[in-house]
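Undergrad: What follows is a single structure, and I will ask about it in a moment.
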Amino acid sequence: MSLQLSQITHHFGSTEAVDCVSLDVKSGEQVALIGPSGCGKTTLLRIMGTQLLPSTGDISLIGRTPTTLSAREIKQLRTRIAMIPQHLGLVSNISVLRNVLNGGLGKINLLQTARQIIHPTRQEITRVYELLKRTGISEKIYDRTDSLSGGQQQRVAVARALYQQPSILLADEPVSSIDPARARDTIQMLTQLSKEEGITLVVSLHNLELAREFFPRLVGLRYGSTAFDCSPEALSNDDCQALFKMDSQDLVQHD
Amino acid sequence: MTKLPSRPLIKGHGRKWIVLALLVLFFGCRYILGPMPPSPPSSEEGFWGAALNPTLTDQSQSLPEDAMPFAERILKEMATTLRYAFIAMSMAVPAGLLLGFLASSKWWPSMIGDVSAGNKAARYLLRPIQISVRLFTTLMRSIHELIWAILFLAALGHEPITACVALALPFAGTLAKVFSEIIDEQSVHARDHLITSGAGPLQAFLTSLIPQSFPDIATYTVYRFECALRSSAVLGFIGIETIGLSITRSFENHFYNELWTELYLLLAVILLVDALGAMLRKRLNRIPKRTAVPDLSRSTRENIKQLKRTAPRSVMARVLLWSSIVLVIVSWFPSMINVSTQPLVKASSSNTMQLSKSERLSHFLTKMTPAPVRESGAWNDTIPWANELWHENGKTAVINTIAMATAAIIISAFAAWLLLPWASRALASAKPLGLFGGSDNPLRNIIWQSVGLLTRFLFVISRAIPEYIYAYLLIGLLGVSAWPLVLALALHNFGILGRLWGEVIENQPAEAPRQLLRSGSGRLQCYFSSFVPASFNRFLMYLFYRWETCVREATVLGMLGFASLGLHIQLSRNFSRAYDEMLFYVLLGSAVIFIGDLISVYLRRGLAKA
C-alpha cells in the first residue's frame, strides 16, 4: 500500500478543511480528487506530501508514519514523494536544466549542490535531457524558464518531479491555468508516465470530464469529506450533479 | 501566513497637512540656521564664465619644469579615483554578501506548513547572530566614509589602502542591509517547494533565492559602485590623490578653467557608469528568448552540445562581470599591466623621524582616551567631560546638523515634486499616456521630447556630483554659512528623488490618470490629482529614506566650516589633535545617524502598504 489515510482530520483554526477522510491508494494506482474549490483537495494533497500533519487520524506514506519521524527521516521520505504545486514553484530566471536538477537536491549534500551549481556533470545533464524528452520539451533545456509558456513550464515541473525518482506523484490542479487542448495533453502525459514508471499518482482536478476519461478511480470531496470513491463507470449522474450543485450554493453563500 | 492589514493611502486633507507641515518645518530650520549672509564680493569672478571655457593645459605660470602636464595629471587622478573605488568595492561586495546573508533569515530551518525542515533548535542559535550582524552593519553605516578615512589615516598613517578600507566599511554595511532586504523580498514558493521535495534549507536557499535575487543584487552593486566613485573623488579633499585633490587645488588658486575640466571629467565618468547601470537593469529585466533551434536529429550528446551553444544568453551581463573582475585585479596589482602607480601600502621607512605603524596606532589610541581619564585613570571622569563638550558645542552642532538635513530634503522634495511631470516619460509627451493629444505636429513632438529629456538630464546631472563637492564650491562662492551646505545637499538629493519618484510614477497603473485625460483634463491636473495622490505614500517613504542619508552627509559637510558636527570633528583633528574630542563628536554623529535611521525605518514601515 502506497498511501494510507484513515479518518484524517485537519483544521486551520476553527475551519475544518479535511473532515474524517479515509483513503487507501495502492502502489502504482491513479486517483483523481474532484470537487469544487475550497473542498479540501489542496489540504489533503499537502497532507499526503508531508507539508501538513493531520490534526487527528492515522497516516502512512510508503510504510512510514510522518508524525513520528525525525527531521532527517522526513527529509528522506520527502525525496520519495514528488509534488507539483499549483504555482509550480519554479525559479523563473534560471535555465530549465537547473530547475530540473533542483528535483534531486534531497539526495545530495551541500557540497555536491555547490558543485552542481558551478558545474553539472554530463550524466546529470543527459538525465535531465532524457526526462525533458519524455515531457516533450527537450529543446528547451538551456532556455531560461520564464521564457517558456505556462504549459511548457508545467512540463518543466513534471520533469523536475520525475528527476526525484518518486514513488508517489502528487499534482495540485495541474490544468487550472492552461487551455482545454493542452490540459488534456498534460493529464494524458501524467497518467502515462505513472503507468510506465509504476508511480502512484494523485491529482486534484476541477474538470470532471478529464478525470472520467483518464483515471480509473475518482474520489469526490465536498466540505472536506469524501462524497464518493469509485470508478468512472460506477459514478452516477446524481453524484456528479451533487458536486456541481454544491458549487453554485457555495457561490451564493460566499456572495 | 498572517498578512498585516493593508494600510490605506493618506487621504486628501492628510496630504495637505503633510505638505503644510513640511513647509512649516522648513521655516523652522531656516530660523535655526539663520539667514544667508550676503555673498562676499568678487569671489566668484570668472567662475561661471569658465564653465564654457574649460582648459586642457595648466593655468599656473609658476610650475616647475618637470611637473606633470595638466591633462595627464587629471587623467591619472581620475584613474586613481576609479582604482580606489574598485578596490573598495572588491572588499565591500564580498563582505556585504556575507553579512547580508547572515542578516537574512530565509536560509534558516523553518516551518513549511506544519512540518519543520532541518533542526529547529538551530534558530535559537542563529537569531542572536542575526541581531548582532544587523546591529554591526548599522554601526558600520552610521559613520560616514570620510570620517572613517580621517580616523584611519590618523591612526594608521597616510596610505591609500587605509582610505580604501575606510570607504569599504560603510559601503559593506549598506550593501549588507540592501542585499538582505532584496533576499527577504523574494517569493519563497520555489524555496518551499524544494524543501518539501527533500532539500535542506540551505540547499534550497542557494538554488532558489540566490538566483532569484541576482538581478537586483547586480544592479544595486553597479549603483553602489557609482556611489563609491563619488566617495573616492571626495577622498581627494583629505589629501588622497584622487580627482578631488585637483578640484581643491584649482579652486583655491582660482584656476576656474582647470576646475571645470575636472568637474566635466568626473561628471562624464559618473554618467557613463550610470548609463551602464541603466543598460544592465534593462538587460536583466528582459527575458532572453531562443531564436534558433538547431537540428536535433543527431545523438543525444551532440544535441545537448548544440542546444547549449545556441542557448540565449545575456552577453552584456557577462562582459560587464568579467571586465569588472579584470579591472579589480588590475586595480590591486597595476604592475601586471606595467603601469606604475602609487603603491597602496608604503614600504616601512627606516627613517627614525617617522613613527612605525604600531607606535602610531598606540599613540593614537592613547590620545583617543578622554583627557581627564588619561590624567586620572578613572573612567568615571568621562561623564563630566562629555557633559561639558555636549553643552559647549555638541548640542548646537547636533541641532544644526539635523536642521541642515531637514531643510535640504524639503527643498529638494518641493523642487522634484514640481519638476516631476516634465520629466515623466508618460506625461511629457505629445501623446500623454499614449493617448491621442491633438493633431500630429512634428514640432510639438520635438518640443515635448526635449522637455522630457532635458528635465531627466537635469536630474541625472544633479545627482552625479557628490554633495561634498557641491558644498565645497558653494561655500567658496557664497561664503561660509549653513546655506551653501543645505543647497549642496538639496541639489544632489533633488536628482535622486527625481529618479526614485519617477520610477514610482512609472510603476503606477495608468488607467486612472488616463481616464482623467480622456475626460479633458490637462497634464498637470492629471499629475496633481491622480499621480500624486496615488503615489503619495511611496513619495514620503523615499523622502524619509533620503532624509536619513541627508543626516549622514550633513555630519561631514560641516567639515567645510559651519558649526555642525563635521566642523568640530575637523577642528579637533586639525588644530588641537584632540582625538578624544574628535571621537566624541564622531560618536555623537553616529548616534544621530543611528537614531535617524531608526526613525526613518519606523516611518517607512508605517507608510508601506502591507
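The values are calculated or read from the model by the stated rules, or taken from the named source; none is laboratory data. The shown structure was predicted, so the numbers you read here are calculated from the model rather than taken from an experiment. Every residue, glycine among them, receives a Cβ derived from its backbone with ideal geometry; neighbour counts consider all protein chains shown.
Undergrad: Could you look through region B:46-67, keep only residues that are over 34 Å from the mean Cα position of the chain (by Cα) and among the small types (G, A, S), and pick out the one that is surrounded by the most Cβ atoms within 10 Å (Cβ to Cβ)? Give the derivation first.
TA: To start, the set of residues in region B:46-67 that are over 34 Å from the mean Cα position of the chain (by Cα) comprises B:60-67.
So of that shortlist, the ones also among the small types (G, A, S) come out as B:60, B:62, B:67.
Numbers: B:S60: 13, B:S62: 6, B:A67: 11.
For region B:46-67, the residue satisfying everything is B:S60.
Undergrad: Looking at region A:106-119, is at least one residue outside the structural domain of A:G63 (by TED's automatic domain parsing), in contact with a Phe, Trp or Tyr (Cβ under 9 Å, 6 or more places away or on another chain) and touching a residue at least 12 places away in the same chain (Cβ under 8 Å)?
TA: Taking region A:106-119 first, the residues outside the structural domain of A:G63 (by TED's automatic domain parsing) are A:106-119.
From what's left, in contact with a Phe, Trp or Tyr (Cβ under 9 Å, 6 or more places away or on another chain): none.
Within region A:106-119, not a single residue is outside the structural domain of A:G63 (by TED's automatic domain parsing), in contact with a Phe, Trp or Tyr (Cβ under 9 Å, 6 or more places away or on another chain) and touching a residue at least 12 places away in the same chain (Cβ under 8 Å).
Undergrad: Is at least one residue of region B:499-515 at pLDDT 90 or above, buried (at least 23 other Cβ atoms within 10 Å of the Cβ) and either closer than 16 Å to B:R425 by Cα or of a type outside the set (F, W, Y) (or both)?
TA: Yes, because at least one residue in region B:499-515 is at pLDDT 90 or above, buried (at least 23 other Cβ atoms within 10 Å of the Cβ) and either closer than 16 Å to B:R425 by Cα or of a type outside the set (F, W, Y) (or both).
Undergrad: Okay, next question. Considering every residue within region A:139-153, establish whether at least one is acidic (D, E) and in contact with a Lys or Arg (Cβ under 9 Å, 6 or more places away or on another chain). Full working, then the answer.
TA: Taking region A:139-153 as the starting set, the residues that turn out to be acidic (D, E) are A:139, A:143, A:146.
Adding the requirement that they be in contact with a Lys or Arg (Cβ under 9 Å, 6 or more places away or on another chain) leaves A:139, A:143.
Yes, region A:139-153 contains at least one residue that is acidic (D, E) and in contact with a Lys or Arg (Cβ under 9 Å, 6 or more places away or on another chain).
Undergrad: Tell me which residues, restricted to region A:99-131, are among the basic types (K, R) and either in contact with a Gly (Cβ under 8 Å, 6 or more places away or on another chain) or within 7 Å of another protein chain (Cβ to nearest Cβ) (or both). Quick ask: steps written out before the conclusion?
TA: Kept after step one, since they are among the basic types (K, R), are these residues of region A:99-131: A:107, A:115, A:122, A:127.
Scanning region A:99-131 gives a single hit, A:K107.
Undergrad: Here is a follow-up. Return yes or no: is B:I240 closer than 19 Å to B:I465 by Cα, modelled with pLDDT under 90 and not assigned by TED's automatic domain parsing to the domain that holds B:Q570? Even if it seems obvious, please write down each step before you answer.
TA: Working: closer than 19 Å to B:I465 by Cα: yes; modelled with pLDDT under 90: yes; not assigned by TED's automatic domain parsing to the domain that holds B:Q570: yes.
Criteria met by B:I240.
Undergrad: Taking the condition of being part of a helix (DSSP H, G or I) and touching a helix residue (DSSP H, G or I) at 6+ places or on another chain (Cβ under 6 Å), how many residues in region B:421-441 meet it? Explain how you work it out, then say what you get.
TA: Going residue by residue through region B:421-441, those that are part of a helix (DSSP H, G or I) are B:421-423, B:432-434.
Now narrow it down to the ones that are touching a helix residue (DSSP H, G or I) at 6+ places or on another chain (Cβ under 6 Å): B:421-423, B:432-433.
Count: 5.
Undergrad: Taking B:W332, is it touching a helix residue (DSSP H, G or I) at 6+ places or on another chain (Cβ under 7 Å), closer than 20 Å to B:R577 by Cα and modelled with pLDDT of 80 or more?
TA: Numbers: touching a helix residue (DSSP H, G or I) at 6+ places or on another chain (Cβ under 7 Å): yes; closer than 20 Å to B:R577 by Cα: no; modelled with pLDDT of 80 or more: yes.
Judged against the criteria, B:W332 is not a match.
Undergrad: Checking B:L435 against (1) within 29 Å of B:Y223 (Cα to Cα); (2) surrounded by fewer than 19 Cβ atoms within 10 Å (Cβ to Cβ); (3) among the aliphatic types (A, V, I, L, M): exactly one of these is not met. Which one?
TA: All conditions pass for B:L435, except number (1).
Undergrad: Further question: Answer yes if at least one residue in region B:286-304 is of a type in the set (K, R) and surrounded by 14 or more Cβ atoms within 10 Å (Cβ to Cβ), and no otherwise.
TA: Taking region B:286-304 first, the residues of a type in the set (K, R) are B:286, B:289-290, B:298, B:301.
Subset that is surrounded by 14 or more Cβ atoms within 10 Å (Cβ to Cβ): B:290.
Among the residues of region B:286-304, at least one is of a type in the set (K, R) and surrounded by 14 or more Cβ atoms within 10 Å (Cβ to Cβ), which makes the answer yes.
Undergrad: Starting from residues that are over 47 Å from the mean Cα position of the chain (by Cα) and charged (D, E, K, R), keep the ones in region B:291-322 and report whichever is farthest from A:Y129 (Cα to Cα). Spell out the reasoning first.
TA: Taking region B:291-322 as the starting set, the residues that turn out to be over 47 Å from the mean Cα position of the chain (by Cα) are B:295-303.
Adding the requirement that they be charged (D, E, K, R) leaves B:295, B:298, B:301-302.
Values: B:D295: 15, B:R298: 14, B:R301: 10, B:E302: 12 Å.
Among those that are over 47 Å from the mean Cα position of the chain (by Cα) and charged (D, E, K, R), it is B:D295.
Undergrad: Of all residues in region A:11-43, count the ones that are within 21 Å of A:F214 (Cα to Cα), out of contact with any Lys or Arg (no Cβ under 9 Å at 6 or more places or on another chain) and either assigned to a helix (DSSP H, G or I) or not polar (S, T, N, Q) (or both).
TA: Number satisfying all stated conditions: 5.
Undergrad: Name the residue that is farthest from A:G151 (Cα to Cα), counting only residues in region A:71-92 that are crowded, with 18+ Cβ neighbours inside 10 Å, touching a strand residue (DSSP E or B) at 6+ places or on another chain (Cβ under 7 Å) and within 7 Å of chain B (Cβ to nearest Cβ).
TA: A:I74
Undergrad: What residue, among those in region B:82-138 that are of a type in the set (V, I, T), in contact (Cβ under 8 Å) with a residue 60 or more places away in the chain and closer than 22 Å to B:C164 by Cα, is nearest to the other protein chains (Cβ to nearest Cβ)?
TA: Filtering region B:82-138 for residues of a type in the set (V, I, T) gives B:87, B:93, B:112, B:115, B:129, B:131, B:133, B:137-138.
Those still in the list that are in contact (Cβ under 8 Å) with a residue 60 or more places away in the chain too: B:87, B:93, B:112, B:138.
Restricting the remaining residues to those that are closer than 22 Å to B:C164 by Cα gives B:87, B:93, B:138.
Numbers: B:I87: 26, B:V93: 19, B:T138: 30 Å.
Step by step, filter region B:82-138, then rank; the result is B:V93.
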